[in-house]
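Everything below concerns the one structure shown next.
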Amino acid sequence: MSRIPLSAVAVAALLVLAGCGGVAPDDGTPTAEEASTATPEANLTDATFPEGFSESAVDAETARTQSLAFLRTESISVVALERFRPGAYADYQYEANATRARFRIDVHNGYSDVTESDVFVRSDVRYSRQLRDGRLSFDAADGSIGETRRRAATSLWAVLSRILTIGEFRAVRVSRGDGERRIRYSITGVVPREATEVRGYLVVDDDGVVREARLQYTQAGDAKRFEYAVRRSADGDVASPAWLPAARAAAGPPADSADGTGTTERLQSAR
């Protein structure tokens, strides 16, 4: 049974009616993180686990602390998604290093509301592109890498906390690849009542950082799916978005321009 922090319980309350459903067995297929050079270790019962973890327990508070630190400090690339009901979704993409960060969120409520947010930060300037109900805007203002990374990490942890709050997991394999060890946990149970077609897993590293997570199940006829994957960025690069010139143009001349007309970097709107 996962030990869940109080902050995660509030999130789960939106999704949970209590009880358990049938769980499909883990097929053991290696994830992308485990594949290529990954090799199994000798015996799972002899394996060592990160602090807060064991063969039958995942400490959500430890996972939160370690995963948030990883998201805020490492050169990484992350993708995550949530599927709540037909047509309702949230997609996340995040790339960051010491000097640049980009965080994108696309949200649809399943009806008519569509929101796209794309933020890019470098050299203490925060550029953004926003689309809401067909209205497009660009903005540029003071911003820091640290604050952007903190906000992105918090949003991504919300996806992970849903998986950890709803699912119960047990270790099934320890493997090593590319010089790093990975522990795979398979789902053994879920909290939502009458859930069917349940599948899921976690992949955790030696520090207790969740590197991959997946949970899917059907409830009241609606298929629900939550996924998350984080990778170290090999070259650490974060490419500038194609819309960056539009954001700069919307901002107007810099404050120290020769004609003195530059003031606050602001926005441009268009259909």
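The phi-based Karplus calculation (6.51 cos²θ - 1.76 cosθ + 1.60; θ = phi - 60°) puts the 3J(HN,Hα) values of region 68-83 at 4, 4, 5, 5, 8, 10, 8, 7, 9, 9, 10, 10, 8, 8, 9, 10 Hz, whole numbers, x for Gly and Pro.
Between D222 and T65, the contour length at 0.36 nm per residue exceeds the alpha carbon distance by 53.3 nm.
Fully extending the segment from R150 to Q93 would add 19.1 nm, taking 0.36 nm per residue of separation and subtracting the current Cα-Cα distance. The packing ranking of peptides 82-95, 122-135, highest mean first, is 82-95, 122-135, where packing means the average number of other beta carbon atoms within 10 angstrom of each residue.
Values in this text are rule-based calculations from the coordinates and carry no lab data. Everything quoted here is computed from the prediction, not taken from an experiment. Heads up, the Cβs are rebuilt from the backbone with ideal geometry, glycines too, and the neighbour counts pull from every protein chain shown.
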